[in-house]
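Asks: Let me begin by handing over the structure; questions about it come next.
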Amino acid sequence: MDTIFALASAQGKAGVSVIRLSGPQALPTASKISGGDLPTAGRALRVLSDQSGERIDEALVLTFAGPNSFTGEDTVEFQVHGSTSVVSAMLALLAEFDGVRLADPGEFTRRALENGKLDLSQVEALADLIDAETEAQRIQAQTVLAGGLGALAERWRVDLIRAASLIEVTIDFADEEVPVDVTDEVTALLAGVVSDLQPQITGVQIAERIRSGFEVAIVGAPNVGKSTLLNALAGREAAITSEYAGTTRDVIEVRMDLAGLPVTLLDTAGLRETDDHVEGIGIELAKKRAETADLRVFLAEDRNDIDLPIREQDIVLKPKADLLSDVPGAISGKTGQGVDDLVREIGRILKDRAGKAGIATRARHRDAMKAASDRLMSAQEILKRGPEFYDIAAEDMRSAIRSLEMLVGRVGVENLLDEIFSSFCLGK
Ligand SMILES: Nc1nc2c(ncn2[C@@H]2O[C@H](COP(=O)(O)OP(=O)(O)OP(=O)(O)O)[C@@H](O)[C@H]2O)c(=O)[nH]1
Ligand SMILES: [Mg+2]
């Protein structure tokens with residue numbers, strides 16, 4: 001196994017840069033360039049020198065003895081001065097040693113997975129955490145990274161293995177007298193897992209939004225002040241505004257942090273009948289994006305003016321509040337009137353939806369949970385038909401277990417059999 005290294009902190013100038021080195025040669029290599037043996041696990045302030053003895057930097061050297069490290073291998077982290085020259089000298093130096101090479105992208109994490117330090121869902125969560133820009137994204141990633149999904153999947157797995165093993169035993173005793181009727185317990189175990197799975201399956205869609213952002217579209221007739229409102233919300237001139245109707249044609253996207261949630265605001269072309277070919281394309285695009293947006297803010301004098309179906313939580317506001325005399329439910333991007341209220345309202349609606357997110361965050365999770373749920377529901381039906389169908393139900397349960405194991409990247413069916421036999425006394 002190669003020893004791998006890479007710059008773990010961001011590229012460029014900084015107070016401190018961290019270079020990570022992991023694998024069997026990590027400690028001997030680090031000791032060589034640090035002018036003497038390093039503690040196997042601990043820290044030391046050392047002068048780092050190249051092979052000709054030239055000083056590169058003085059650094060804090062942290063050592064971790066496997067398996068007590070991120071990768072599970074012996075690992076060394078150099079905290080050097082955050083100089084691009086120091087970093088490149090260090091990277092060049094490390095590459096000179098036999099069996100030591102630059103890490104591939106994600107290779108440290110891959111080793112952490114291979115060494116059982118993280119499960120697959122945690123690997124995904126780590127990527128999400130690093131990408132997190134808002135509070136909601138951070139909290140969501142941390143929940144999974146802390147092992148939340150793995151723990152849930154494990155609990156389901158244990159319940160299903162118990163249910164499957166109870167059924168297996170009944171099959172074994174098929175020709176004899178069954179000592180106890182296990183049907184009630186099996187039924188209860190399956191029902192428990194199925195009802196746990198449902199909210200998690202539906203919650204993935206919201207969790208995905210928290211990862212990738214909610215889309216909020218500003219929609220209305222031409223010239224009502226959509227672009228002016230977008231600019232007011234964004235705090236900058238993101239879109240062109242003018243007194244000519246039909247100014248905006250492309251969909252203008254502005255990404256922002258709204259109440260701790262990632263939101264992409266969409267400014268769209270004003271909706272109207274038009275003979276202008278290009279404007280017509282813009283209007284079609286506007287309708288399409290409004291259709292798929294999570295939430296729509298309509299600027300309209302009257303709800304009946306809107307020729308798109310209005311959904312329950314859509315926000316409808318009267319435009320150009322400053323030209324009206326104290327009308328409730330009006331907004332002005334130009335004067336800022338009502339803009340704070342709108343931000344609060346969008347935040348309230350989206351936070352409410354975000355609260356429905358499950359602990360599972362990806363389509364892959366949803367697919368695995370859906371597959372498990374489908375098989376369990378099938379098992380529930382088959383069980384009702386009586387003991388002669390138990391072997392088919394048992395197969396469904398095993399299939400559901402496999403799906404849940406895929407959820408966290410646990411592999412192999414062997415351990416399923418082992419556990420069935422170890423967790424259950426056959427009494428023979
Ligand atoms: N008085 C007043 N004028 C506004 C307000 N918002 C926008 N305007 C003016 O109305 C005109 C149209 O504004 P835009 O923001 O470009 O309108 P739009 O809805 O994006 O228009 P299209 O892109 O053509 O669909 C401009 O002259 C703005 O200065 C407002 O709240 N009050
Ligand atoms: Mg516009």
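Asks: Consider region 329-360. How many of its residues are touching a helix residue (DSSP H, G or I) at 6+ places or on another chain (Cβ under 7 Å), among the small types (G, A, S) and either within 16 Å of ligand 2 (Cβ to nearest atom) or closer than 30 Å to V408 by Cβ (or both)?
Replies: Qualifying residue count for the region: 6.
Asks: Taking region 51-72, which residues are open to solvent by 20 Å² or more (accessible area, probe 1.4 Å) and either of a type in the set (V, I, T) or under 16 Å from A8 (Cα atoms) (or both)? First the steps, then the outcome.
Replies: First, the residues of region 51-72 that are open to solvent by 20 Å² or more (accessible area, probe 1.4 Å): 51-56, 58, 60, 62, 64-68, 70.
Listed by number, the residues that qualify are I56, L60, L62, F64, F70.
Asks: Assuming E419 fulfils every condition listed in (1) modelled with pLDDT under 90; (2) open to solvent by less than 40 Å² (accessible area, probe 1.4 Å); (3) farther than 17 Å from T187 by Cα apart from one, which condition is it?
Replies: (2)
Asks: Here are A207, A188: which of them is modelled with pLDDT of 90 or more and either surrounded by fewer than 17 Cβ atoms within 10 Å (Cβ to Cβ) or within 14 Å of M377 (Cβ to Cβ) (or both)? Before the answer, list the steps.
Replies: Working: A207 fails: either surrounded by fewer than 17 Cβ atoms within 10 Å (Cβ to Cβ) or within 14 Å of M377 (Cβ to Cβ) (or both).
Unique residue meeting the criteria: A188.
Asks: Sort out which residues of region 193-237 are in contact with a helix residue (DSSP H, G or I) (Cβ under 9 Å, 6 or more places away or on another chain), within 11 Å of ligand 1 (Cβ to nearest atom) and among the aliphatic types (A, V, I, L, M), and write them in order of number.
Replies: Once the filter is applied, which keeps residues that are in contact with a helix residue (DSSP H, G or I) (Cβ under 9 Å, 6 or more places away or on another chain), within 11 Å of ligand 1 (Cβ to nearest atom) and among the aliphatic types (A, V, I, L, M), region 193-237 yields I218, V219, A221, L229, A232.
Asks: State all residues of region 212-235 that are crowded, with 20+ Cβ neighbours inside 10 Å and away from ligand 2 (no atom under 16 Å from the Cβ); if no residue qualifies, say none.
Replies: The answer is G213, F214.
Asks: OK, next. Among (1) in contact with a Leu (Cβ under 9 Å, 6 or more places away or on another chain); (2) closer than 25 Å to F298 by Cβ, there is one condition A368 misses while meeting the rest; what is its number?
Replies: Only one criterion in (1) in contact with a Leu (Cβ under 9 Å, 6 or more places away or on another chain); (2) closer than 25 Å to F298 by Cβ is unmet by A368, namely (2).
Asks: Moving on. Counting just the residues of region 238-254 that are more than 25 Å from P309 (Cα to Cα) and surrounded by fewer than 18 Cβ atoms within 10 Å (Cβ to Cβ), which one comes out nearest to ligand 1 (Cβ to nearest atom)?
Replies: Just the residues of region 238-254 that are more than 25 Å from P309 (Cα to Cα), to begin with: 238-244.
Remaining after also requiring surrounded by fewer than 18 Cβ atoms within 10 Å (Cβ to Cβ): 238, 240, 242-244.
Values: A238: 11, I240: 7, S242: 5, E243: 4, Y244: 7 Å.
Among residues in region 238-254 that are more than 25 Å from P309 (Cα to Cα) and surrounded by fewer than 18 Cβ atoms within 10 Å (Cβ to Cβ), the one nearest to ligand 1 (Cβ to nearest atom) is E243.
Asks: A follow-up question, please. Among the candidates F97, F108, which residue alone is in contact (Cβ under 8 Å) with a residue 40 or more places away in the chain and over 30 Å from R366 (Cβ atoms)?
Replies: Among F97, F108, only F97 is in contact (Cβ under 8 Å) with a residue 40 or more places away in the chain and over 30 Å from R366 (Cβ atoms).
Asks: Which residue, of D294, D305, is out of contact with any Asp or Glu (no Cβ under 8 Å at 6 or more places or on another chain) and either farther than 24 Å from S332 by Cβ or within 16 Å of ligand 1 (Cβ to nearest atom) (or both)?
Replies: On the way: D294 fails: out of contact with any Asp or Glu (no Cβ under 8 Å at 6 or more places or on another chain).
After applying the criteria, what remains is D305.
Asks: Which residues, counting only those in region 325-339, are open to solvent by 40 Å² or more (accessible area, probe 1.4 Å) and touching a residue at least 12 places away in the same chain (Cβ under 8 Å)?
Replies: Restricting attention to region 325-339, the residues satisfying the condition of being open to solvent by 40 Å² or more (accessible area, probe 1.4 Å) are 325-329, 334-335, 337.
Once the filter is applied, which keeps residues that are open to solvent by 40 Å² or more (accessible area, probe 1.4 Å) and touching a residue at least 12 places away in the same chain (Cβ under 8 Å), region 325-339 yields G329, K334, T335, Q337.
Asks: Here's another thing I want to ask about it. Among the residues of region 303-324, are any surrounded by fewer than 16 Cβ atoms within 10 Å (Cβ to Cβ), under 19 Å from E215 (Cβ atoms) and of a type in the set (K, R)?
Replies: So far as region 303-324 goes, yes, one or more of its residues are surrounded by fewer than 16 Cβ atoms within 10 Å (Cβ to Cβ), under 19 Å from E215 (Cβ atoms) and of a type in the set (K, R).
Asks: Then there is this: So for region 27-44 (the condition being buried (at least 22 other Cβ atoms within 10 Å of the Cβ), touching a residue at least 24 places away in the same chain (Cβ under 8 Å) and small (G, A, S)), does at least one residue qualify?
Replies: yes
The values are calculated or read from the model by the stated rules, or taken from the named source; none is laboratory data. As the structure is a computational prediction, the values presented were derived from the model and not from experiment. Methodologically, a virtual Cβ is constructed for each residue, glycine included, from the backbone with ideal geometry; neighbour enumeration extends over all protein chains shown. Surface areas here come from the heavy atoms of the whole protein model, side chains and all, with no ligands, DNA or RNA. Shrake-Rupley method; radii C 1.70, N 1.55, O 1.52, S 1.80 Å.
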